[in-house]
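First comes the structure, then the notes that go with it.
Read-outs: derived from the displayed coordinates by stated rules, not from any lab. This is a predicted model, so every value here is computed, not measured. Neighbour counts are summed over all protein chains in view; Cβ atoms, including those assigned to glycine, are modelled from backbone coordinates with ideal geometry.
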2 protein chains.
Amino acid sequence: MMLQGLSVDSSGPSFTPLVVVELVSDAKEETIGWLLNKIRDQQHDGGAELLVEQLGPGVGAQEKENPNLFLVGATWQRLLSGAEDVGLFKESTDGSMRAFTCANKHNFKDFGGDGDGFLSMAECQYIIKHELDTLRAKDETHVPGYKQAKLYPGKSIIRRLLSKRILIQIFPLHDKEELKRLSFSWYKKVKLSLQPLDDIRHYYGEGQALYFGFLEYFTFALVPMALFGVPYYLFDWEDYDKYVVFAVFNLIWCTVILELWKRCSASLAYRWGTLSRKKAFEEPRPGFHGVLGFNPVTGREEPLYPNIKRQLRIYLVSLPFVLLCLYLSFCVMMVYFLMEGWALSVYDQEPTFWTGVLLFIPSIIYAVVIEAMNLIYRYAAEFLTEWENHRLESSYQNHLVLKVLVFNFFNCFASLFYIAFVVQDMVLLRQSLATLLITSQILNQFMEAFLPYWLQRRRNKKMIRKVQKRRILEDKELPLAEQVRLEADMSTYLGTFDDYLELFLLFGYVSLFSCVYPLAAVLVVLNNVTEVYSDAFKMCHVFKRPFSDPAANIGVWQLAFEAMSVIAVVTNFALIGLSPQVKTYFSDSETHLILWTVAAEHGLMAFKFILTFLIPDIPKHIQIKLARLEFESLEALKKKRQLHGGIISWKLRAESGSGSTHRPLRTAGCAGDSVLCKTSFTTSSPLPCVVKTGFVQ
Amino acid sequence: MMLQGLSVDSSGPSFTPLVVVELVSDAKEETIGWLLNKIRDQQHDGGAELLVEQLGPGVGAQEKENPNLFLVGATWQRLLSGAEDVGLFKESTDGSMRAFTCANKHNFKDFGGDGDGFLSMAECQYIIKHELDTLRAKDETHVPGYKQAKLYPGKSIIRRLLSKRILIQIFPLHDKEELKRLSFSWYKKVKLSLQPLDDIRHYYGEGQALYFGFLEYFTFALVPMALFGVPYYLFDWEDYDKYVVFAVFNLIWCTVILELWKRCSASLAYRWGTLSRKKAFEEPRPGFHGVLGFNPVTGREEPLYPNIKRQLRIYLVSLPFVLLCLYLSFCVMMVYFLMEGWALSVYDQEPTFWTGVLLFIPSIIYAVVIEAMNLIYRYAAEFLTEWENHRLESSYQNHLVLKVLVFNFFNCFASLFYIAFVVQDMVLLRQSLATLLITSQILNQFMEAFLPYWLQRRRNKKMIRKVQKRRILEDKELPLAEQVRLEADMSTYLGTFDDYLELFLLFGYVSLFSCVYPLAAVLVVLNNVTEVYSDAFKMCHVFKRPFSDPAANIGVWQLAFEAMSVIAVVTNFALIGLSPQVKTYFSDSETHLILWTVAAEHGLMAFKFILTFLIPDIPKHIQIKLARLEFESLEALKKKRQLHGGIISWKLRAESGSGSTHRPLRTAGCAGDSVLCKTSFTTSSPLPCVVKTGFVQ
């Protein structure tokens, strides 16, 4: 844990601040005091037992600074018990990953008595966030000082404060030292090595690291295709007949890489301890509203919203809206084809250089329009999904992803499908694909690399101005107060959604149509390499540090990519069926051609599903490790039960020989029993009964 | 538990016998004594702590009776602790299903102090079987008296005795009283009601009950199709054009019923407590052999067999063998078509009544040959799968099911596919389907209803002879010794494999081709109704009682039926494409016809997969109950941890203020802590710490 760079310079006992809580600047004293007490109180009084301090004013505090910034930290013991609460998995001394428990803490690798380096800063921050989130109202009916901010027993206080905008934000602090090291190894040195995934996970958590892992995996998976594509492109530029081999290669490739990624992902998730980690019970989203009632699962009072209403909103409003948008997108596509036809007719009349350039203009305009429509639609989808009022964040995310994916897929690929299968013009398809791909890449790189760079420069300037104003510091490090305020002003990272979406569309371009434009894979590889750098840069320098997210896989995106690979199989077979090569072979009967294509497609589809069954999702050595853990816990339980069964029968015997015809049991001597007790206590893992006994009495 | 009918009439304290263990008649005294001691010994001495008695000689013991029959029972407490060992789920007083623990036994419904009626006899027998199976060798190197029967620490004794044929069989006893009641309510009364599934489960266990549940569900699911089919058959007999509607109905039907069955099955499994029951760690099969080594999961010494060798056997021997069998089956099919052609030519030359009958002869012969080939192949498949040397019974079963399914599918349906899509003769298809279906049903009913009836009569005669010989009994009940010997001679029930296989093939006939022969559904319904009766009869009177099998679903068969439904979608669309109706519609272009058919098929397939996602596998109300259980255990764990965390920090504080900069925690008073302790002990479920403390000291 590299926290030495930060220390609170206000009065009071010092602690390492991990998380910042920012309240609105005009928050009432009463509210602040109440919240701070909640955070500081002992756990059995309903508090979080954390340490919290108000951030002192900046050095040059002439500006209208928000005074209500609070730094939250925790004692070492509190973090350990929190790690147990959130069910953190850590590497134990025998090399396997186990759920951390305070009772067995010395069985974990790297556990020194002082705990330095055992929990990463990201983990500590995640624990603190979890503890803050689970701060629950007891008997308050509203937030003190804010009558409109209703509370009920069991309601998460932080979520209520957030939804009523009394709390502006909670964010974890960056660690300048570690960030510097990370960004150096990540993107600053001239790199012939892989990304430092373990370091990324250490700093940003598993969700981020899995994204970068997937990005890297995807890039490497594209390399053989790119290598295969270049000679194709160079030597067969005008020979559209030869693409059958490429299409076959393509559809096997996209099946295999997704299966292998599952194994990669499982390996990573096991190494990072998230593979078998149990998910905590999910709380309602902050924005969720409804009539107060009792949750049938928890028995807690919370807002309930009838599922039927949500279904009605989804099927009567959202679905028609999505269909309308798809229709709109279709209309735009038709306009594009009109423009395309007009440009072509102009070129045919006057085939000069400028009319040649004009040929590309409609595609470029269309690509820009597509990107703009995707962006606008994204906001509409977010608004609609919010309005659907999903209870859980995961369900909200799934519905949002589904909406956005369907539209983006249609918007980006409809014109290509139209050209390929209705117009059946492979030259136009190639040209359209190239224009779409290149334009959207340029746009994306602008949004992701240039914009961040510009933001960073603006931030730098601001910082320099501040430093010039003060000029009282000798060292180059900013004081904590300045540093915290600087980070509070950084933009918030909105998760990996857009990054995955971009990869999804690129995967689509490659897997669907790259057989007619083999350079696509090369372009995507180039894009991905710059993507790594620009993403890394924006993570390190543009955004607030995000809370880590203990993901075990890439979630709904795995499904999305697999759906795309199924579509790719169908598309590639259709393209094969259309290829002149195959058509010559079946020159006598078109019917035979189609039937054979369909039969081959069904065969490959069946093979694909069998492959999915045959390739285990989790590598063998990890399966064995997981099974061993399972087995050990079963054995421990059995031992506990045997002991316990002994007690029960002993008790029954002692009480009476009540009823029944059983033969009196031969009871073992007391000495034997107590030996059994001891072995049972030392082997069964989560039973610190002896310790407890010592404490209770 | 209705055990009053049985009581040991030998000397010694009486107990209710549940399970019979039969050793070979020339088993050595030494071995018997050792085994009995193992069974009787206390658990912490490595025994099973069960009650066991030798069965006395029969009344008229002049015959060469095997003296080595042993009755095993257990005390009531031992059964309860065994129920905890096997992880039995029981209904608790609040209506939800929970894992039974002795500590919380009074929280379970129907738990009287004397335990009558709490555990069913089938459950008791399952528990005893589990306890016998987990009797492990300690330091013996071989079975006493049998040098060739090697043992090693941790080897299951019973499995070794079985594999060395020293132990002939272990089987649970029937309960005459309950069996009489069950068979009356099941199949003896004229029935307008459903099968008594709960009673079946109570007597035979969950695996059996799920089979009968599925059989019933499948029959009811066929009723609408049968109702739809009869008018079709009656009014459109010669109008082959009209089958398109039926095909569409067919393919929607087979998609929906399988999805709904999953929900039904989950409901049943929840009610019976097997849905969330954890599987115990699987032991190697009795027949598994290999070089002694250490299991990487358990760390126990056991035979290991390299996976690569098994894979080689599978891919280099089994796979070619299966392919060879398929080729053989194909040849037989071709011979059938030759015969068919010859019969047709004879009929064409002389169209008399007898040559008309001759037309059906090839189909009938073919159907009989198919059944015979299936039977022979079945033995070959069992031999091969045994030889593949799978470590786990489940893996053995999966490989066997796969082999048998592929062959049976090909064998039964190849000719139909050939006629439908190569010959494209719908009249012949209809005729073949009818002959195949009816012949195989008659054969099956013979094997399943007549044969059992004949066996039963033979058994009855034997029984009467015995009774006549003795004539010393006044009551009609046989004495225990006779009863046990009678049951020991009954044939062993080999599981639900063949029953499911039969249903699978029937499902195939209906879902694949019933659109050309709508009466198929009616025939299958009739078959299923008689199937219920004959299966019930054979379960009650022909076979030894099987051990109950705590299944949560129909396992690999769900997958098999789903695969069949996918094939059904493709087949039905192909049939639609071939129908004259559709052909007339696309009379201008065959290409368009095929393309539209393929497009519609892909659409429906996509819809089918989306449906699989949309229909939750577990009904909402059960999901809520499961989530509540999960939530409660999480909460209990959290409480335990909070308490524990308190202790840890208390301990740390007591030890030293070692390292770091943390602020001393405000510690709560001791009184508060001990109150917390108490609540924690009463709420956290499996922690009878107070009891234990009392025992240890």
TODO: Sort the stretch A:117-156 into rounded, prolate or oblate with this rule: let a ≥ b ≥ c be the square roots of the eigenvalues of the Cα gyration tensor; rounded if a/c is under 1.5, and if a/c is not under 1.5, prolate when a/b is larger than b/c, oblate otherwise.
DONE: prolate
TODO: Calculate, for residue B:331 and residue B:533, the FRET efficiency according to 1/(1 + (r/R0)^6) with r their C-beta to C-beta distance and R0 45 Å; round to the nearest 0.05.
DONE: 0.75
Open item on the list: Label position 7 Å from Cα toward Cβ: report the copy-to-copy distances for residue A:141 in nm, one decimal, ordered from shortest.
Closed with: 8.2
Open item on the list: Please arrange B:345, B:120 by how many other C-beta atoms lie within 10 Å of their C-beta, fewest to most.
Closed with: B:345, B:120
Open item on the list: Could you check the spin-label model distance between residue B:309 and residue B:252? Points 7 Å from the Cα along Cα→Cβ, value in nm.
Closed with: 5.6 nm
- [ ] Quick one: with label points 7 Å out along Cα→Cβ, list the inter-copy distances for residue B:609 in nm, shortest first?
- [x] 0.9
Task: Coarse-grained scattering of the stretch B:348-435 at q = 0.16, 0.17, 0.26 Å⁻¹, given as base-10 log I(q)/I(0) from a Debye sum over alpha-carbon atoms - done: -0.75, -0.80, -1.21
- [ ] Check cross-link reach from residue A:28 to the aspartates and glutamates: straight Cα distance under 19 Å, and skip same-chain residues fewer than eight apart.
- [x] A:53, A:65, A:140
Task: √(5λ) per eigenvalue of the Cα gyration tensor, the stretch B:19-173, largest first, Å - done: 32, 19, 11
Task: In Hz, Karplus ³J(HN,Hα) per residue of the stretch B:267-276 (6.51, -1.76, 1.60; θ = phi - 60°; x = Gly, Pro) - done: 4, 4, 5, 5, 4, 8, x, 9, 5, 10
- [ ] Identify the residues of the stretch B:515-542 with backbone N under 16 Å of a label point that sits 7 angstrom from the Cα of residue B:446 along the Cα-to-Cβ direction, or state none.
- [x] none
TODO: Using a Förster distance of 56 angstrom, determine the FRET efficiency expected from the C-beta separation of residue B:497 and residue A:139, and round it to 0.05.
DONE: 0.40
Open item on the list: Just to be sure I understand the model, the point goes 7 Å from the Cα along the line to the Cβ. What's the resulting residue B:54 to residue B:633 distance in nm?
Closed with: 4.6 nm
Task: Over 23 Å (Cα to Cα) - which of A:639/B:138; A:129/A:461; A:608/B:278; A:90/A:625 fall in this group - done: A:129/A:461; A:608/B:278
TODO: List the distances, in nm to one decimal, from the label point of residue B:313 to the label points of the same position in every other copy, shortest first, placing each label point 7 Å from Cα along the Cα-to-Cβ direction.
DONE: 5.9
